Amino acid sequence: MRGNAAEHELVAPGSLPAVLDLLAGAPGQWTPIAGGTELMVAFAAGRLTASKLVSLWGVEELRFFDTSPDKLIIGAGTTFSDLRSNPIVAADFPLLDKAASWIGSIANQTRATLGGNLVNGSPAADSSPALLVYDAEIELISVRGKRCIPYREFHTGYKQNAMTADELLYAVHLPRRFANHRQYLRKVGTRRAMAISKVALGATALLKDGAIERIRVAAASLAPFPARLGKTEAALLGHRLNPSLIETARNALLAEAQPIDDIRSNAQYRKSVGANLLEEFLRALLSESAAK
Amino acid sequence: MSAATPIQLNVNGANLTVTVQPMKRLLDVLREDLHLTGTKEGCGEGECGSCSVRMNGDLVNSCLVPVLQAASTNIETVEGLARDGILHPLQQAFLQCGGAQCGICTPGMLMAAKHLLAYNPHPTMAEIREGLAGNLCRCTGFMRIFESVLSAARSTTQETHAR
């Protein structure tokens, strides 16, 4: 059954305060729609349950980069095309730049927004592993004011998040302290273009005297939502990097990952590939430190 | 229920007002209300690129744009490529290189190629592949389409692409 435009109200108040007033006036009644790359797919298929939608497209207060020496703040309405053409993203946050290039096609990247990717909350979200290993913070806004939470606490379950019904995702804060970290991000999908991940893994690390001084590992599609792999990180932190530690880390990931079987892949494959990706990163780190 | 609302668009240089439901897809407004049936529907979910048009200079899948979000924008469709009966250099190149077979992907391919050349007049083959990655073709095997875009890029000046 196809979607029927007459059954869905869509309004475009235009400014951020006007959108927030609308949300506050009827909490939970309005569904925000930005670039439509998710909700319009559901609409066309007749699966869109939201009957009242408020457009965020063209709300310029949500589409910005705010750069300071220690932070990059990215407005939630920033598109993946915007991310790909920002020089600070390319220089300081190359994993996010890479993830942005994976989002669908050019026509999807011009419309899909960073905030939309996070609020949609797909376990396979392309931008999530990068944001997790960069210690991103999420800034939420409502008529009551703004608040920040760590991104790793944003997703609370499958397609569930920490936002209240009157809140909008306002911005993503990225601390500019990862430039000297070794960084890794790889996505495995059916093909290179236009494919949703089967599994993706990101990591940032610092080595000191051959030991792992800092480590962050995050994955898409290894849990009901994109998440850091804290137990895998704990198995690595503070230890001397060697082949036996890599084996320990693989086993920690295999024990920690909770993937599912679905149309794109199955749990066994996702676990195996996740462990292989982690090993690929750690082997590169090892050969680099051996070369020093 | 939602009421039909007047929405202004500039389509291929012409200012128009359509009175439609705000959630109606831009694709359907172009085809049903404006009878511009060059823009095709393939998958209806942003995967195939058949419905590619340009909106304020951005390439978009018109199946994923509620028309309210296109209000007051400039829309370019495949119908705007040829001028006064003279084909756009990309259309000419597709003809010469065999870039079109059954034709259903062709309007989207042309718009995605036009978008690519607008920002990158002399793309490499890799850049062409990325620029057209969101447009599926089930006939040609893509090589003749890529060659068409290369040929158009070689044979024309930047001013031609800007038109």
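What lysines does B:Lys114 reach when the alpha-carbon gap must be under 23 Å and sequence neighbours fewer than 8 apart in one chain are set aside?
B:Lys40
What's the local net charge at B:Asp28, with K and R +1, D and E -1, over the other residues with C-beta under 15 Å away?
On the way: positive: A:Arg2, B:Lys24, B:Arg25, B:Arg31, B:Lys40; negative: A:Glu7, B:Glu32, B:Asp33, B:Glu41, B:Glu45.
Every neighbour counted, the sum reads 0.
Taking chain A as a Gaussian network, where each spring joins two C-alpha atoms under 10 Å apart, which residue of A:Val188, A:Val143, A:Val41 fluctuates the most?
Of the options given, A:Val41 has the highest mean-square fluctuation.
Which value results when the Cα radius of gyration for chain A is divided by 2.2 N^0.38 Å?
Ratio of Rg to 2.2 N^0.38 Å for chain A: 1.03.
List, in the order given, every pair from A:Lys159/B:Lys24; A:Lys198/A:Lys271; A:Lys187/A:Lys271 whose Cα-Cα distance in the structure shown is over 18 Å. Mind dumping the intermediate values first?
Working: A:Lys159/B:Lys24 27 Å; A:Lys198/A:Lys271 10 Å; A:Lys187/A:Lys271 13 Å.
Distance filter (> 18 Å) returns A:Lys159/B:Lys24.
Run through the DSSP bridge list for region B:5-80 and note the antiparallel percent, rounded to the nearest 5. Before the final figure, lay out each step's value.
Values: 14 of 16 bridges.
The antiparallel proportion sits near 90 percent.
In deg cm²/dmol and to the nearest 500, what is the mean residue ellipticity at 222 nm of chain B if only DSSP H runs of at least 4 residues count, each as -39500 (n - 2.57), divided by the residue total?
Numbers: 5 runs with 48 residues, N = 163.
Rounded to the nearest 500, the figure is -8500 deg cm²/dmol.
Please report the net charge: other residues with Cβ closer than 15 Å to the Cβ of A:Ala179, K and R +1, D and E -1.
Details: positive: A:Lys71, A:Arg176, A:Arg177, A:Arg182, A:Arg214, A:Arg216; negative: A:Asp70, A:Asp92, A:Asp97, A:Asp135.
In short, +2.
So for the pair A:Ser287, B:Ala82, with labels modelled 7 Å out along Cα→Cβ, what separation do we get in nm?
Result for the modelled spin labels: 5.6 nm.
Under 10 Å, Cα contacts only: if you run a Gaussian network model on chain A, which one of A:Asp262, A:Asp166, A:Asp92 comes out with the highest mean-square fluctuation?
Looking only at A:Asp262, A:Asp166, A:Asp92, the largest GNM fluctuation is found for A:Asp262.
Along its three principal axes, how long is region A:1-42 when you only count alpha carbons? Whole Å, largest extent first please.
Cα extents, longest axis first: 35, 19, 15 Å.
Return the distance in nm (one decimal) between the two label points of a simple spin-label model at A:Ala42 and A:Gln29, each offset 7 Å from Cα along Cα→Cβ.
Rounded to a tenth, the inter-label distance reads 1.9 nm.
Springs between alpha-carbon atoms under 10 Å, Gaussian network over chain A: tell me which of A:Ser81, A:Ser221, A:Ser68 tops the mean-square fluctuations.
A:Ser68
Step through the residues of region B:133-143 one at a time and calculate ³J(HN,Hα) from phi using the Karplus curve (6.51 cos²θ - 1.76 cosθ + 1.60, θ = phi - 60°), rounding each to whole Hz and writing x for Gly and Pro.
5, x, 10, 9, 10, 9, 9, 7, x, 6, 4
Counting only the backbone N, which residues of region B:107-151 are under 14 Å from the spot 7 Å out from the Cα of A:Arg192 toward its beta-carbon?
Once the point is set 7 Å along Cα→Cβ of A:Arg192, B:124-134 turn out to lie under 14 Å by backbone N, inside region B:107-151.
With a Förster radius of 30 Å, plug the Cβ-Cβ distance of B:His35 and B:Met125 into 1/(1 + (r/R0)^6) and report the FRET value to the nearest 0.05.
Values: r = 37 Å, r/R0 = 1.23.
It comes out at approximately 0.20.
Please give the contour-minus-distance gain from A:Ile260 to A:Lys52: 0.36 nm per residue of separation, less the Cα-Cα distance, rounded to one decimal in nm. Provide the component values of the computation, followed by the final result.
Values: separation 208, 0.36 × 208 = 74.88 nm, distance 3.24 nm.
Gain on extension, A:Ile260 to A:Lys52, equals 71.6 nm.
Would you mind counting up the charge near A:Pro13? Only other residues with Cβ under 15 Å from its Cβ, with Lys and Arg at +1 and Asp and Glu at -1. All intermediate terms of the calculation are to be shown ahead of the outcome.
On the way: positive: A:Lys52; negative: A:Glu9, A:Asp21, A:Glu60, A:Glu61, A:Asp166.
Combined, the nearby Lys, Arg, Asp and Glu give -4.
List the residues whose amide H sits under 5 Å from the amide H of A:Arg214, counting only those 5 or more places along or on another chain, with H placed 1.01 Å from N in the peptide plane.
Answer set, sorted by chain and number: A:Leu206.
Aspartates and glutamates within cross-link reach of A:Lys52: Cα-Cα under 18 Å, excluding same-chain residues under 8 positions apart?
Excluding near neighbours in sequence, the set is A:Glu7, A:Glu9, A:Asp21, A:Glu38, A:Asp166, A:Glu167.
Every number in this text was worked out from the coordinates using simple rules, so none of it is lab data. All values reported here derive from a predicted model rather than from experimental measurement. Cβ coordinates were reconstructed from backbone atoms using ideal geometry, including for glycine residues, and neighbour counts include every protein chain displayed.
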